[in-house]
Amino acid sequence: MGKIQLKQVTKKFGDVQVIPPLDLTIEDGEFAVFVGPSGCGKSTLLRMIAGLEDLTTGTIAIDDADATDTPPAKRGLAMVFQSYALYPHMSVRKNIAFPLRMAKMDKAEQDRRIAAAASALNLTDYLDRRPGQLSGGQRQRVAIGRAIVREPSAFLFDEPLSNLDAALRVGMRLEICEMHERLKTTMIYVTHDQVEAMTMADKIVVLQAGVIEQVGSPLELYHAPRNLFVAGFIGSPKMNLISGPEAAKRDAVTIGIRPEHIDVSDSGGMWQGKVGVAEHLGSDTFFHIHDTGLAEMITVRAPGEVSFRHGDTIHLTPRADQIHRFDAEGLRLS
Amino acid sequence: MATHQSRSAARLMMAPAVVLLLGWMLVPLSMTLYFSFKKYLPLRGGDLGWVGLENYTRFVTSSAFWPSVQATLVIVGAVLVITIVLGILLAMLLDQPMWGQGIVRILVIAPFFVMPTVSALVWKNMFMDPVNGLFAHLWQFFGLAPIEWLSQASMTSIIMIVSWQWLPFATLILLTAIQSLDGEQMEAAEMDGAPALSKFFHLVLPHMARAITIVVLIQMIFLLSIFAEIFVTTQGSFGTRTLTYLIYQRVLESQNVGLGSAGGIFAVILANIIAIFLMRIVGKNLDA
Ligand SMILES: Nc1ncnc2c1ncn2[C@@H]1O[C@H](COP(=O)(O)OP(=O)(O)O)[C@@H](O)[C@H]1O
Ligand SMILES: [Mg+2]
């Protein structure tokens, strides 16, 4: 079990309100990702759930039981920190065993759990090393191992992959997803990287300045962003946002069109512009297009290799059914 | 770049410092060695020739020798234990956020800047005086007979004075160590359900091991040669005659330079034995 409910939760540091009143429910077994720009209060929110930070007002319930004043160790949650926070003077085995020793679990059960975690995380050969003798990826696994052995009702991850290099990050991302498939335990995962959010989440919570902008599945957020912030934050490359006459034509203040929903041609189309930088990825080509009269720059994603060069004139046609419309407050019109 | 020229240039430039240091260390040491093999009584005939190892055997076989070694070890050991234990507690206290932190920290460091002679005099006259001392008043307040600290509890008194002087040093070094402890580690332990004592023994103490080692080694070097505190208070009586003080008495009170020099060589040997011993116990913390 691992259902977590936040009701009217707020947080102030001194006079600074970091989290305005916020309601959120995370269902049992869900993989929830908090995503938002740096400093928007994701860590603060996670630490409040963990019990490491007091709430200013509001309540937290875990499995329908009030846990607002429950100390961290009693909440049955395990946390993986950004810095890994391994105990440097203990071997990997002792690190993983630490929460079990603190819970005074019997030795045989401890050994069984450690062995299971170590083999699941490919750590068996490193159990007698110190954290200082491990690579970043291995340390990350030890931190996860220390969380797994407790068999918590939910895992909390605070940007666990941000200290790893790009290749390792993709690998660990997969492993965490597989771990979720296997354990079916609730996971709350904090990241500022929308790609991580899109690839891993069952439910994404988009935060800005402590306010929840939208909650939904990755595809809901992709297809129906509730406002301009979510529209601009989710998706890579970013959605093109166009205001002015083009938007007015469609009864909106701003319209948005994703780069992958614009067709290109050299002969004719709805809009036209000059090709700036072209990024050839092989599978796709990204064009930065200027002088369209619509916005500073329009990004277009064309599948495969398309041979436009710097300075060429290009014609663009947005797919009508993929245009997002927003009102003066930046809210979605449907 | 360690080319041939730069190496010889470096040697040339280091030479004055090396020569100075060698002279500084070797001249007194060789003079001590030289005198330790002579019968040399400045006021009773001066240099009376070589006597071989006689000074050494006399020094060791004198009834004062072993008690003085013991007194030295007791003082060094007790002060080390007291300063480390209280130092850790004080450091943890000072690490807490509190009002007036800066001033409190300066106050805690202050005793270190008081000269040993002065602090011993202050303790002797203001605290430990059996008639006017603060302790005497305190004891009387509770209806007890005042203790004559320096004669009845001479060793305790000296250990108290010296610990008071060295506690700031230990606290300062240990405080910097505590401040460098990673906050997320403590939070991880919190989530792992570690009670305060477990956190202390499993995280804080191992983290401070290196700082403790440094405090032990540095203090030991200085504590082996404490002198002013004894000179000002008990003058070496009531079992507080350390090796250093015994040597002083042999040279200046008995005017026997040869005998004192032999004692000096023993002190050097004792310091080295303890140093090697401690290095072996705690040394593994240094290269970890
Ligand atoms: N202990 C603290 N004291 C004061 N301000 C804090 C503290 N922790 C975080 N903040 C502030 O709260 C805001 C949110 O921080 P945080 O939750 O760490 O953001 P994120 O994890 O989304 O990058 C930031 O503006 C930060 O400066
Ligand atoms: Mg953060």
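A few remarks follow.
- Across segment B:161-194, the qualifying residues are those that are of a type outside the set (Phe, Trp, Tyr) and touching a Ser or Thr at 6+ places or on another chain (Cβ under 6 Å), and the one among them that is farthest from the other protein chains (Cβ to nearest Cβ) is B:GLN165.
- B:ILE212 vs. criteria open to solvent by 10 Å² or more (accessible area, probe 1.4 Å), within 14 Å of chain A (Cβ to nearest Cβ) and touching a residue at least 40 places away in the same chain (Cβ under 8 Å): yes
- Filter result for A:PHE31 (more than 16 Å from ligand 1 (Cβ to nearest atom), open to solvent by less than 30 Å² (accessible area, probe 1.4 Å) and closer than 22 Å to A:HIS180 by Cβ): yes
- Complete set of residues in segment A:126-166 that are within 16 Å of ligand 2 (Cβ to nearest atom) and either open to solvent by 50 Å² or more (accessible area, probe 1.4 Å) or of a type in the set (D, E, K, R) (or both): A:ASP158, A:GLU159, A:ASN163
So that you can scan it fast, the table gives a plain yes or no per residue for (1) facing another protein chain (nearest Cβ under 8 Å); (2) open to solvent by 10 Å² or more (accessible area, probe 1.4 Å):
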position	(1), (2)
A:ASP23	no, yes
A:MET48	no, no
A:MET79	yes, yes
A:ARG93	no, yes
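- Among the residues of segment A:103-119, those that are more than 11 Å from A:VAL149 (Cα to Cα) and more than 14 Å from chain B (Cβ to nearest Cβ) comprise A:ASP106, A:LYS107, A:ALA108, A:SER119.
- Matching residues, segment A:172-202, being in contact (Cβ under 8 Å) with a residue 40 or more places away in the chain, away from ligand 2 (no atom under 16 Å from the Cβ), within 13 Å of the chain's Cα centre (by Cα) and crowded, with 18+ Cβ neighbours inside 10 Å: A:MET187, A:MET200, A:ALA201
This table checks each residue for (1) aliphatic (A, V, I, L, M); (2) open to solvent by 40 Å² or more (accessible area, probe 1.4 Å); (3) not in a loop (DSSP other than H, G, I, E, B).
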| residue | (1), (2), (3) |
| --- | --- |
| B:ASN55 | no, no, yes |
| B:PHE59 | no, no, yes |
| B:VAL85 | yes, yes, yes |
| B:LEU89 | yes, yes, yes |
| B:ILE106 | yes, yes, yes |
| B:PRO111 | no, no, yes |
| B:VAL122 | yes, yes, yes |
| B:VAL131 | yes, yes, no |
| B:LEU138 | yes, yes, yes |
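- Hey, A:ALA85 at positive phi, of a type in the set (A, V, I, L, M) and either away from every other protein chain (no Cβ under 11 Å) or out of contact with any strand residue (DSSP E or B) (no Cβ under 7 Å at 6 or more places or on another chain) (or both) or not: yes
- Selection of first residues in segment A:99-115 that are under 18 Å from A:ALA85 (Cβ atoms) and of second residues that are charged (D, E, K, R), restricted to Cβ pairs under 6 Å at least 6 apart or on distinct chains, gives the following pairs, ordered by first then second residue: A:PRO99/A:ARG150; A:PRO99/B:ASP192; A:MET102/B:ASP192.
- Residues that are in contact with a Ser or Thr (Cβ under 8 Å, 6 or more places away or on another chain) and small (Gly, Ala, Ser) within segment A:296-334 comprise A:ALA302, A:GLY304, A:GLY330, listed in sequence order.
This table checks each residue for (1) more than 25 Å from the chain's Cα centre (by Cα); (2) within 16 Å of ligand 2 (Cβ to nearest atom); (3) assigned by TED's automatic domain parsing to the domain that holds A:VAL195.
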{"residue": "A:GLY41", "(1), (2), (3)": "no, yes, yes"}
{"residue": "A:THR56", "(1), (2), (3)": "yes, no, yes"}
{"residue": "A:ILE60", "(1), (2), (3)": "no, no, yes"}
{"residue": "A:ASP66", "(1), (2), (3)": "yes, no, yes"}
{"residue": "A:ALA73", "(1), (2), (3)": "yes, no, yes"}
{"residue": "A:ALA78", "(1), (2), (3)": "no, no, yes"}
{"residue": "A:PHE98", "(1), (2), (3)": "yes, no, yes"}
{"residue": "A:ARG112", "(1), (2), (3)": "yes, no, yes"}
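- Residue among A:ASP251, A:ASP263 that is in a strand (DSSP E or B), at pLDDT 90 or above, of a type in the set (D, E, K, R) and open to solvent by 40 Å² or more (accessible area, probe 1.4 Å): A:ASP263
- Criterion (of a type in the set (Gly, Ala, Ser) and crowded, with 20+ Cβ neighbours inside 10 Å) met by exactly one of B:GLY183, B:GLY193, B:GLY258, B:GLY239: B:GLY258
- Filter result for A:ARG169 (part of a helix (DSSP H, G or I) and either surrounded by 20 or more Cβ atoms within 10 Å (Cβ to Cβ) or assigned by TED's automatic domain parsing to the domain that holds A:ASP111 (or both)): yes
- Where a residue in segment A:11-26 is over 20 Å from A:GLY216 (Cβ atoms) and touching a residue at least 12 places away in the same chain (Cβ under 8 Å) and its partner, wherever it lies, is open to solvent by 30 Å² or more (accessible area, probe 1.4 Å) and part of a loop (DSSP other than H, G, I, E, B), with Cβ under 6 Å and at least six apart: A:LYS11/A:THR56; A:LYS12/A:THR56
- Of the residues making up segment A:4-13, none is within 13 Å of ligand 2 (Cβ to nearest atom) and open to solvent by 10 Å² or more (accessible area, probe 1.4 Å).
- Of all the numbered requirements in (1) surrounded by fewer than 15 Cβ atoms within 10 Å (Cβ to Cβ); (2) touching an Asp or Glu at 6+ places or on another chain (Cβ under 9 Å), A:LEU121 misses one, and that requirement is (1).
The values are calculated or read from the model by the stated rules, or taken from the named source; none is laboratory data. All values reported here derive from a predicted model rather than from experimental measurement. Every residue, glycine as well, gets a Cβ built from its backbone with ideal geometry; the counts of neighbours run over all protein chains shown. Ligands, DNA and RNA are excluded from the accessible area calculation, which covers all protein heavy atoms including side chains. Shrake-Rupley method; radii C 1.70, N 1.55, O 1.52, S 1.80 Å.
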